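Report on the following structure.
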Amino acid sequence: EEEEEEETQVKSKSSITSAQKTSDKTTKKVKFEDNGSGATASGAYIPPALRNKGGLDEQYKALAKRIKGLLNRLSDGNLDPITSELAQVFRDNSKNNCNKILSEALLEACVESLVILPSLIAVNTALLAGLHLLVGVEVGAYFLEQLVNSFKQKYAQQQQKETRNIVLLFSHLYNFGTLHCTFVYDLIRYLCKSFTELDIELLLVLLQYSGFQLRSDDPASLKDIVTLIQSRVRSAPSSKRAQFMLEMIFDIKNNKKRQNDPTERLLPLKTWLQKNVKPKASASDRTLRVSWEDMMSLDQRGRWWIVGTAWRDSNVSFKDTETDEMDTQRSSNGKKDGHGQFSEETQLVLDQERFDSELMEAAKAQRMNTQVRKTVFCTVMSADDYLDAFEKLVRLNLKNKQDREIVRVLVDCCGQEQTYNPFYAHLAVKFCAFDHNFRYTFQFTLWDHLKLLHEYNIRKISNLAHLFSHLFGQSSLSMVALKVLEFDRLITPSILFCRVLFEDLLTKYDEAVVKEIFGRLRKGSDLESLSEGVALFLKTFMKKRAEKLMPDNGPLATVLKQRIKIAVRCLESAIINPE
């Protein structure tokens with residue numbers, strides 16, 4: 001009986017203990033659910049995703065309220081202080097949250113709002129351009145991505161007013177230097193495909209607000225656009241809007257501005273960005289050099305224009321085993337910086353892994369003795385054409401004056417060719433139109449080679465002369481670059497270089513181009529000696545060259561004589577008629 005009583009007491013104690021544990025668990029669960037911050041007095045474990053969830057929501061709401069409050073007070077008069085305050089907000093908070101809130105607010109104000117003044121869109125875009133310079137590239141890149149997504153949605157639904165506002169935002173982003181002209185030209189080509197009434201209206205907005213800026217940045221592409229629009233207008237049904245657009249683009253081509261030009265209202269905003277914002281920015285040039293195709297294929301290629309994001313060329317495919325081996329080699333041999341990213345030198349070495357061994361051997365044979373030069377050389381030689389080479393070289397994202405090596409490699413490769421290859425000249429013109437700094441680099445490279453002409457053979461001198469003749473003829477370089485030559489004391493290699501260069505210029509281009517090229521060398525205090533030297537060379541050496549050509553090639557000699565007279569007349573005239 002005593003043993004039975006003891007067993008009954010033990011069972012009752014165990015049941016009481018289990019009941020207490022159950023009540024403790026229930027209490028803890030209730031405490032966890034009641035406490036919004038996730039912190040419990042009893043020290044129960046809380047998953048990281050649930051910690052301080054309510055507090056973060058409140059912080060996000062407070063941040064959104066602050067940013068939207070600043071945007072609501074935005075105007076021309078307080079643009080500068082609000083931009084500075086918003087830049088500080090970006091520094092003190094999560095940039096991802098700030099970008100999201102700012103983009104949503106701007107899209108709601110400038111796109112979804114059907115009744116909005118164009119001046120307010122311009123002020124809001126200027127604010128974004130200022131933050132793009134002060135905070136970083138990710139500000140403009142995030143907004144551009146959201147804007148493109150909104151355009152795809154609204155354009156598919158044929159919403160006229162919303163798409164017009166979006167295109168106006170694209171135009172202002174380009175006008176304020178956030179976007180490169182490549183994106184705008186690609187958008188124009190995209191709209192010319194279907195060429196509906198909506199497309200025509202959107203094209204009118206782009207040309208009205210950005211036409212003259214496009215003409216200034218890339219006149220060669222503008223000529224292609226004029227031809228494209230002209231053909232589309234002829235093939236499409238007659239429309240007054242289309243005819244008006246054709247007249248507008250011809251006015252842009254001829255640099256003829258109309259009255260009440262809307263771009264004049266943007267001048268104060270551009271001045272503000274140039275004088276007040278750019279001096280404070282850590283980098284003076286943060287232009288997004290992306291194309292329309294890049295924005296349309298984000299899922300396939302990634303966001304290569306943002307530092308730290310992945311990018312993959314859709315034309316290059318690797319097997320899984322090869323990828324694993326490359327990743328293993330990179331992790332073992334690659335040098336990383338403090339942020340876990342590969343350094344620039346290591347990244348260039350890694351880029352060379354996709355090139356053939358023959359190309360690497362050719363790079364060594366051409367004395368490409370640095371990693372940058374090897375990568376540039378292999379990129380150029382593996383390209384399908386000059387446009388493909390240009391895109392791949394831009395995507396190398398060379399920094400800290402490394403892009404100068406592109407010019408040096410192009411000129412060296414052109415000089416080493418057995419016969420002159422115009423591929424390098426077309427690629428050089430593309431880079432000169434892409435960034436004005438390349439023009440200076442080509443000019444300095446020309447001066448370096450002019451000093452070494454006595455060491456070159458005839459083939460290399462001829463190739464270089466043809467290359468720079470093309471740059472002069474396409475207005476990528478000015479003839480002023482020849483001012484380092486002393487035309488009254490030229491040595492034989494220099495005479496050969498100038499003879500091939502001037503013969504190319506005078507025979508391959510029509511009279512209007514010849515007048516424009518030599519007309520720039522107007523008489524003045526700094527260019528008078530150059531004009532006299534060039535005129536002396538044309539009268540002596542080039543006339544002799546024309547006489548030698550007469551027996552074998554009479555038509556060419558006749559053209560050369562006529563162009564020599566035109567060029568000399570331009571050089572000796574104080575007033576040059578550009579027509």
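Quick rundown of the values:
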quantity: Rounded Å value of the spacing that divides the Cα centres of region 119-198 and region 491-565; calculated: 47 Å
quantity: By average C-beta atoms within 10 angstrom, highest first, the peptides 179-186, 412-419, 288-295; calculated: 179-186, 288-295, 412-419
quantity: Prolate/oblate/rounded label for region 431-567 (Cα gyration tensor, a/c 1.5); calculated: rounded
quantity: Computed label-point distance, nm, for sites Lys223 and Ser573 using a 7 Å Cα→Cβ extension; calculated: 2.2 nm
quantity: Where labels lie 7 Å past Cα in the beta-carbon direction, separation of Ser84 and Leu267 in nm; calculated: 2.6 nm
quantity: Radius 10 Å from Cβ of Arg232, net charge of other residues (Lys, Arg +1; Asp, Glu -1); calculated: +1
quantity: Full-stretch length increase - Glu511, Val484 - with 0.36 nm per residue and alpha-carbon distance subtracted; calculated: 7.1 nm
quantity: Around Gln418: net Lys/Arg minus Asp/Glu count, Cβ-Cβ under 15 Å; calculated: 0
quantity: Contour minus Cα-Cα distance for Thr196 and Glu58 (0.36 nm per residue); calculated: 45.0 nm
quantity: Proximal charge balance of Ala105 [Cβ under 14 Å; K/R count +1, D/E count -1]; calculated: +3
quantity: Per-peptide average of other Cβ atoms within 10 Å, ordering 445-451, 461-467 highest first; calculated: 461-467, 445-451
quantity: Region 129-143 - phi-based ³J(HN,Hα) in whole Hz, Karplus 6.51/-1.76/1.60, Gly and Pro as x; calculated: 5, x, 5, 4, 7, 7, 8, x, 5, 5, 5, x, 5, 5, 5
quantity: When each of Lys364/Lys399; Lys430/Lys460; Lys270/Lys401; Lys100/Lys152; Lys154/Lys257; Lys364/Lys392 is checked by Cα-Cα distance, pairs over 25 Å; calculated: Lys270/Lys401; Lys154/Lys257
quantity: Integer Hz, Karplus 6.51/-1.76/1.60 couplings in order for region 468-475, x for Gly and Pro; calculated: 6, 5, 5, 5, 5, x, 8, 6
quantity: ³J(HN,Hα) computed for each position of region 401-407 - Karplus, 6.51 cos²θ - 1.76 cosθ + 1.60, integer Hz, glycine/proline x; calculated: 6, 5, 5, 5, 5, 4, 5
quantity: Full-stretch length increase - Ala365, Ser235 - with 0.36 nm per residue and alpha-carbon distance subtracted; calculated: 41.5 nm
quantity: Highest-first arrangement of 502-515, 216-229, where packing means the average Cβ count within 10 Å; calculated: 502-515, 216-229
quantity: Lys, Arg +1 and Asp, Glu -1 on Cβ, resulting dipole of region 134-208 about Cα centre, debye, nearest 20; calculated: 100 debye
quantity: 16 Å cut-off, amide nitrogen to a point 7 angstrom out along Lys257 Cα→Cβ, residues in region 209-225; calculated: 209-217
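Every read-out reported here was derived from the displayed coordinates using simple, explicitly stated rules and does not represent laboratory data. Given the structure is predicted, the values throughout are model-derived calculations rather than measurements. Note: ideal-geometry Cβ built from the backbone for every residue, glycine included; neighbour counts use all protein chains shown.
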